[in-house]
Structure formats: structure tokens, C-alpha cells
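First comes the structure, then the notes that go with it.
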Amino acid sequence: MHKAGLLDLCVRAWNSVRMASSGMTRRDPLANKVALVTASTDGIGFAIARRLAQDGAHVVVSSRKQQNVDQAVARLQGEGLSVTGTVCHVGKAEDRERLVATTLDINVKAPALMTKAVVPEMEKRGGGSVVTVASIAAFSPSPFWMDKEKEERMKETLKIRRLGEPEDCAGIVSFLCSEDASYITGETVVVGGGTPSRL
């Protein structure tokens, strides 16, 4: 009887977590928030922008090319989402103000400068979240999607059925921007399907 009660409690707890992560328990957890998502007209960035907008945030998408920005904005607005866009090459100072040529500047200096630029606005609004997204491919490039044999070996090694999709990252970013994550700070969350990715 005790085991059955504990199992029932675990099942209810898991269902609660599953429903919360899928947005089934609350509507618009990011209402009245503004999200600026860089490199967000394709791939992971686009999936994150879409999810944040679906969760109620007004999202500003950006990319280096106006055509890409226009297409992403039209696509998301076509889904009834609150989205605007701007051209921003994070390596150009003039784009950063309306981060430079090296990988270090882009991956370390640029996020710090972007954070520095948005924190005063977040303070005026009474709070906010900064989520920095990086791909393990930047640390250990492995184009599995170009080689079916490597992809199958990777899935077998990790004992997984599929490789990740951009949408796999979007839910965790939305969660980290929500009030549910307001006591989480300075953490690294790996969305890697078991891929060795700790630096």
C-alpha cells in the first residue's frame, strides 16, 4: 500500500512537471515581458523567439540581413504572435547600439556588452532575465546532419532515438525567462540528449 501511494505521488508530480513544461497549466507566463533574441531568424534562435512569443512575450528578432528579419517577422506575425524585428550584426558597434570580428568578441565580449546595454532597461521595468545560448558545435563541431552514418553512430552511442531539434532548446529558454525560474541564477543548462558537453 505504501509503495502504491508513493508511486501515485511520483506519477502526479511527473504529470505536473510535464504539463508545466508544455505550457498546459498556465497561459502566457511571459505576458508583459519583452524579449530581444539575437540571431533569431533561423534554427535555434528562431525556435526560441517563437516559443517566447507563444508564451506571451513581445519578441524582437534580429539578424544581419534585413530580408531574413522581414521573413521571420512575417512568419511569426502570421501565427498571430507579437513580434517586431531589426537588423543587428552583433559584431558591429553601430548595430549593437541601434559585439566584433573574433570568436572571443562574439562569444564573450558581445554577450557582456549586450547585457550591459539591456540591464538599465530591465531595471526600469522592475526585472528581467538574460539567457545566453551557445551551441556545443561552437566548442566541438560535429556536422552529424551531413553524414547519416555518423548520425546513426552518435544515436547508438548515446542510446537515443533522434538528434536534437531547435525546438528542444526553446522550452527551457522560455522557462528561464518566466517567473517560475526567478530563483535560478548563474546556472548552465545543457540541452544535449546526453552528448558530453560540460566544459
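Of the residues making up segment 60-75, those that are among the hydrophobic types (A, V, I, L, M, F, W, C) and surrounded by 23 or more Cβ atoms within 10 Å (Cβ to Cβ) are VAL61, ALA72. Where helices (runs of 4 or more DSSP H) fall entirely within segment 106-185, those with at least 3 residues that are modelled with pLDDT of 85 or more and either open to solvent by 70 Å² or more (accessible area, probe 1.4 Å) or touching a strand residue (DSSP E or B) at 6+ places or on another chain (Cβ under 7 Å) (or both) are at 110-125, 167-177. Total residues in segment 60-84 satisfying the condition of being under 10 Å from THR38 (Cα atoms) and part of a strand (DSSP E or B): the figure is 4.
Can you tell me which residues in segment 37-59 are part of a strand (DSSP E or B) and either among the acidic types (Asp, Glu) or open to solvent by less than 30 Å² (accessible area, probe 1.4 Å) (or both)? The answer is VAL37, VAL59.
Scanning segment 190-199 for residues that are surrounded by fewer than 14 Cβ atoms within 10 Å (Cβ to Cβ) and either at pLDDT 85 or above or of a type in the set (Val, Ile, Thr) (or both) gives a single hit, VAL190.
Look at ALA93 and say whether it is at pLDDT below 90 and open to solvent by less than 30 Å² (accessible area, probe 1.4 Å). No; evaluated as a whole, the condition is false for this residue.
The values are calculated or read from the model by the stated rules, or taken from the named source; none is laboratory data. Treat the numbers as computed from the prediction; the structure is a model and nothing was measured. So basically every Cβ, Gly included, is an ideal-geometry build from the backbone, and we count neighbours across all protein chains shown. Remember, those area values only see protein heavy atoms, side chains included, never the ligands or the DNA or RNA. Shrake-Rupley method; radii C 1.70, N 1.55, O 1.52, S 1.80 Å.
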